[in-house]
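These notes are about the structure you will find just below.
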Amino acid sequence: MKAGLTWQEAKAHTQAMELEITALIPKDAAVSIDQKMKGVLLSCNKTQHNWNGSTTVMVAEGTKIDPIVKDIEAHYRANGLKVSVDMDIDEKLLIQIDPPAPGESYLVGGGVKPFEIWIDSGSPCFTLPEGIYPGGDF
């Protein structure tokens, strides 16, 4: 990512990456995609923030989610990104994709509801312009 990244550019980049991940879900499995248009800012350090959002993909009933998540993991590993694998609190497979930009990461795994894949995202870090309060929706 470029130096001097704006929050709008960081958000656009991160949402594009969410959609790139959803494109790896087999078309015959995906029933709907709900990308949240608003997110929140979290601190990266004393001077920088990152934009955080999410996308939820509903898949057809009966779809096995773990093999899809494993395919997404394999795709990003093959493309040289750092990917870690874990289980969430409900013992569902969860991967974290960490591009090299500071602050940027994506969590992908089974959602809260059955037949749901959840993508949680964090953008690369950026500096807010002076006078912009980081609270609220972005």
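General remarks:
- Looking only at region 104-128, residues that are part of a loop (DSSP other than H, G, I, E, B) and open to solvent by 40 Å² or more (accessible area, probe 1.4 Å) come to 5 in all.
- Only listed residue being among the charged types (D, E, K, R), over 26 Å from Phe138 (Cβ atoms) and either at pLDDT 95 or above or loosely packed, with under 14 Cβ neighbours inside 10 Å (or both), chosen from Asp34, Asp90, Asp98: Asp90
- Residue within region 7-28 that is over 17 Å from the mean Cα position of the chain (by Cα) and surrounded by 13 or more Cβ atoms within 10 Å (Cβ to Cβ) present: no
- In the set (1) in a helix (DSSP H, G or I); (2) open to solvent by 70 Å² or more (accessible area, probe 1.4 Å), the condition left unmet by Ile68 is number (2).
- Restricting the first member to region 112-138 and to residues that are without any contact (Cβ under 8 Å) to a residue 60 or more places away in the chain, and the second to residues that are hydroxyl-bearing (Ser, Thr, Tyr) and assigned to a strand (DSSP E or B), the beta-carbon pairs closer than 9 Å and six or more apart or on different chains are Val112/Thr56; Lys113/Thr56.
- Top-ranked residue of region 37-53 - restricted to ones that are farther than 15 Å from His13 by Cβ and assigned to a strand (DSSP E or B), ranked as least open to solvent (accessible area, probe 1.4 Å): Val40
- Every test in (1) within 24 Å of Thr127 (Cα to Cα); (2) part of a strand (DSSP E or B) is passed by Lys11 save one, and that test is (2).
- Of all residues in region 71-82, those being under 20 Å from Cys44 (Cα atoms) and open to solvent by less than 90 Å² (accessible area, probe 1.4 Å) number 0.
- Close pairs from region 1-30: first under 18 Å from Ile72 (Cβ atoms), partner among the charged types (D, E, K, R) and assigned to a helix (DSSP H, G or I), Cβ under 7 Å, at least 6 apart: Leu24/Asp71
- Residue within region 29-43 that is over 13 Å from the mean Cα position of the chain (by Cα) and closer than 14 Å to Gly110 by Cβ present: yes
- Pair list, Cβ < 8 Å and 6+ apart or interchain, from region 65-83 residues that are closer than 10 Å to Ile95 by Cα and among the aliphatic types (A, V, I, L, M) to residues that are in a helix (DSSP H, G or I) and open to solvent by less than 30 Å² (accessible area, probe 1.4 Å): Ile72/Ile21; Val83/Tyr76
The values are calculated or read from the model by the stated rules, or taken from the named source; none is laboratory data. Here the structure is a predicted model, which is why all the values come from computation and not from measurement. No Cβ is skipped: glycine too gets one built from the backbone with ideal geometry, and neighbour counts run over all protein chains shown. These area figures cover heavy atoms from the full protein model, side chains too; ligands, DNA and RNA do not enter into them. Shrake-Rupley method; radii C 1.70, N 1.55, O 1.52, S 1.80 Å.
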